[in-house]
1. Tally time: how many residues in the stretch A:222-249 are part of a helix (DSSP H, G or I) and touching a residue at least 24 places away in the same chain (Cβ under 8 Å)?
2. Only residues that are of a type outside the set (A, V, I, L, M) and closer than 16 Å to B:Asp274 by Cβ: list them for the stretch B:292-303, please.
3. Among the numbered criteria (1) in contact with a helix residue (DSSP H, G or I) (Cβ under 8 Å, 6 or more places away or on another chain); (2) crowded, with 19+ Cβ neighbours inside 10 Å; (3) not basic (Lys, Arg), which single criterion is violated by B:Val283?
4. Quick one: is B:Asp248 within 14 Å of chain A (Cβ to nearest Cβ) and touching a residue at least 24 places away in the same chain (Cβ under 8 Å)?
5. Go through the stretch B:117-134 and give me each residue that's buried (at least 22 other Cβ atoms within 10 Å of the Cβ) and either more than 26 Å from B:Asp340 (Cβ to Cβ) or of a type outside the set (A, V, I, L, M, F, W, C) (or both).
6. Pairs, please: C-beta under 6 Å, at least 6 apart or cross-chain, first residue in contact (Cβ under 8 Å) with a residue 40 or more places away in the chain and on the phi < 0 side of the Ramachandran plot and in the stretch A:383-400, second in a loop (DSSP other than H, G, I, E, B) and among the hydroxyl-bearing types (Ser, Thr, Tyr)?
7. So, of the residues in the stretch B:266-302 that are basic (Lys, Arg) and within 15 Å of A:Arg365 (Cβ to Cβ), which turns out to be farthest from the other protein chains (Cβ to nearest Cβ)?
8. Restricting the search to the stretch B:239-249, which residues are closer than 17 Å to A:Glu145 by Cα and not acidic (Asp, Glu)?
Amino acid sequence: MFDSLSDRFDGIFTRLRGRGKLTEKDIDEVAREIRLALLEADVNVRVVKSFVGRIKERANGAEVAKSLSPAQQVIKIVHEELVTTLGGAAGKLTMNSRPPTVILLAGLQGSGKTTAAAKLARFLERDGKRVLLVGADLQRPAAVEQLRVLGERVGVPVASIGTDPVAVARAGIEEAQRLGRNVVIVDTAGRLQIDTELMDELRAIRDAVDPDDSLLVVDAMTGQEAVNVAEAFAETIDLTGIVLTKLDGDARGGAALSVKEVTGRPIMFAGVGEKLEDFEPFYPDRMASRILGMGDVLTLIEKAEAAFDADQAAVATEKLRTGDFTLQDFLEQMRQMRKMGPLQNLVAMLPGVPKELRNADVDERELGRIEAIICSMTAEERQRPSIIDGSRRIRIAQGSGTSTQDVNALLKQFKQVSQMMKQFSKVNKKGKRRMTGLPPGLDPGLLGGAGGPGGRPTG
Amino acid sequence: MSDTLALVVFVAIFALAAFLIVLPRFVRNREAKRATAATRAPAPPRPVAPPRPVAPPRPTSETGAPPAPVGEAPVEEAPAEEVPAEPVRLRDRIGKTRASFAGLLGALRRGGKIDDESWDELEEALLLADVGMTTTEAVVEGVKARAAATGADAEALPALLRDEITERLECTATDRSLHHALDGPTVWLMVGVNGVGKTTTSAKLAKRELADGRRVLLAAADTFRAAAADQLAMWADRLGCAVVRGQDGGDPGAVVFDAMDAAIARDTDLVIVDTAGRLHTKVNLMNELEKLKRIIERRPGALQEVLLVLDASTGQNGLVQAREFAGAVDITGVVLTKLDGTAKGGVVLAIEDEFGVPVKLVGLGEGADDLIPFDPAEFAAALVE
C-alpha cells in the first residue's frame, strides 16, 4: 500500500544516473518524494516542512560520492538527518541519588501506559533495581487490577492505596520507602490533552510525587495528532522522555519524528510486542530505516546472535557454500531461525529485498508444514533426497498430513534454492561483498528485478 | 566483528533461502483465497446520486416511546430517545478545539481570489486531519471542480470542502445502521488493534441497546489482556446486563461458544463479543479471530455486525488495519472512537473511499452515553471548521 522512499526514488533516479551533481530542479523533485514518503509515514505536516527544508539545504550542491548513486546519496542524507533528529541527546533515565527514584507515565487513552509500566518495571528489575508499581489509574474500570496481574507476572509489588489519584501516587512513594524499593513507576489514567480538568489532575500528581522522569507514552500508529498531544503534555508536566509503543505492527511510526521534533525530548524506550519482555531501548537509526521503509540490519544482527549457535551456523554456511547443505541442516537451521520471529519480519529487515518479496503475505503455518514434511523423511532421505521415489513420496505425504504435490514442490524448490545459495555464498566469501543487493545467482524473473539501494554500510 | 558478519550473512542467506522455498506455497494459497473472496464479495459499485440518509425520527417524549420490536427496528431509531440533542454534541465537544484549525483555514476566510496558496492550505488542512495523500488529492480535485463551477472566491472554500466531503461519505454508504437478526439472538463482534477502545465501546453499545429494551449479553472474549474481563464485568455490573467470561489466558473460542449457548438458553436478544486487541500483522491472532467468527456462524444469521474499532488519532496505518481486518473477518462497519479530542479521524475518509466500509458510530468519551451514530454532514463540518 505504501511505497518506501527507496522505491519512490527508483523512477526519478534512473534518469539521473551518471550525473555527477544534483541540480536544484532534481532536488526539488526529490524533495517532493521525500515529503510524500514522510507524510505517508504519518510525520506531522509541519514537521515534514521543516525537515524537507533541511534536507534540501544539505543536498543542494552536495557532491555525489563516487561509491554512491545519486539515489543512495540522497537517501543517505535523509537517513542521517532522520537519525540526527530522532537521536540527539542520549535518552537515559535519571536515577535519584536519594531513592526512591520516581518515574511518571502519562498519555492518551489506549496508548499502552499500563503495559509499558509493567514492561519498564521488568526492564529495570533486570538492571538490578527494586521497583514498585503504583496504580493511579482510577478512571478505567479494572485498570489497577490489570496492573496487579502484570506486576505479579514480572515479580514486582503493586501499590494502589487511596481513592483519588494524587493521594494514591503520594502513598505510593511512602509505600516504596517502607518496602525499601528504590524505583517507583506511577501509572496514570489515560487523558485527552484538551481535558483541562484531567490535565490539572496530572499536574497535581506531578507536584505530589516530584518525578525524576516524566515519560509520555505514545502509540506508534498515531497520526498527525501526535504533535498536539506531545505539546500539551510537555507543557503540563515537563516531559523528560518518550516511550513509543506498538512498534511491532507495520506502522511506519512517523509519530516518533513528530514527537521528538516538537518536544526535543529523547525517545527512550520502544514497546515491540505483546510479551512483557518485548521492550527495549530506542534506536534512532533503526527507526530512521523504518520510517524510510529500509532494511534493519542491526536488529537482524541482534536477533541472529540471540537465536543462532555461531559454530553450528559456521558449519552450515560452509555446507551451503560447498553444496552439501542437506534437508537435515535445513530443518535444524529453520528451527533456530523461527526463534527469531516471523520469517516475514526477518526478510523485511534485509536491505535490498524488492518490495514484491517484502510485502509477500507469509503464513507461518507453511513453515510448520515444511517442518512436518522433512520430519516424515528418514535420515537417509534427508541426506540424499534423490532416493525419494513414488512410494516414499506417498509415505512422506501421509506421514506429514500433506499431499505428494507438496512433497514434490518442496524437494524441487529446495534443490533450486540451494543451487542459488551455493553461488551467492561463494561470491560473499570471496569478495566480502556488502549486502546491498540481491544474491547475483537469484533468478531475476522470480524476484522482479534488482534490489533497491542498500542499507547502511556494514562495519 | 567478522564472526558476527559471517553469522549475519548466513542468516540472511538462510532466511532468503527458506523464504524462497516457502514462497510458491504462499502465493498459491493466497491466490486460492483471493479467488474465493472474489466470488464471495464483489466490490459494491458507487451509486451516482444516492439519497441523503433519512434523519432519525425524534420522539418528543422521553419515556413514552415503547421499546422497539426486536428484529424490525434498526438502531437508527434508538438513540433519539435517550439523547435528544445529539447532533449538537459532536459539534460541542469538538468546538473546544476549533481555534487551531480555524487558524489554518483562516487565510481562506480572508477571502479574495483563489490562488495556489489557497489550494496548498486546503491540502495541508486535510493532511493535518489524517486524511492521507491519496484521498486528499482526490478531495482537492473535487473542490476545484466545485469552485470552477460556481466561480467562488476563497471565502467559499471551506463550505465547498464540507460539501465535497459530505457527498463523498454519502456516496460510499447509505446504510449506517446496526442490524439485528430477524429471529433469535443477534451477535455483534468487536475487533481492532490494541488500545482503541473495544471494551469501552462494547459497554456503551450494551447501554444503548438495553435502553431500547433488548436483553443484552456481553461476552468477554479478551482473555489475553490482564483484567480485560474484569473491566467488562464491571461495566456489565454498572449497566445491569449479563456477562459471560472465561479464564484469563483461556480459549476465547470457548467464551464465544458459551456465550452463544447462554444467549439461546436465556432468550437473549443481543450478544456483544469483546475481543482482545490484536495487531493486524500477527497472523496467528488474525487466524484466531477468523475462528471466533466461524464459531458464531455456526448459528446462521446470528452474526449481523463485525465492527472495526478505530482510534481517531490513528494515522495512515488505519487503512492497513481496515484492509487486514476486512480480509480476515469481513468487517461490516467502523466505530471511530475518541473523537472528543483534537484528532479528526480523517483516515476514515480514506477507508470509506478505498474499501467502502461505512463508519457507523462515533465515540466521544469515557462515559457510557458517549456513543452516537455517525453523520456524514456533522463529521465533514467538524473536519473543516
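1. Selection size over the stretch A:222-249: 11.
2. B:Lys293
3. (2)
4. Here the answer is yes, as B:Asp248 does meet what is asked.
5. B:Asp130, B:Gly132
6. Pairs that qualify, where the first residue is in contact (Cβ under 8 Å) with a residue 40 or more places away in the chain and on the phi < 0 side of the Ramachandran plot and the partner is in a loop (DSSP other than H, G, I, E, B) and among the hydroxyl-bearing types (Ser, Thr, Tyr), are A:Gln383/A:Thr326.
7. So the residue we want is B:Lys291.
8. Those that are closer than 17 Å to A:Glu145 by Cα and not acidic (Asp, Glu): B:Arg245, B:Gly246, B:Gln247, B:Gly249.
The values are calculated or read from the model by the stated rules, or taken from the named source; none is laboratory data. Predicted model only: the values in this text are computed from it and were never measured. FYI the Cβ positions are ideal-geometry reconstructions off the backbone, even for glycines, and counts take in every protein chain you see.
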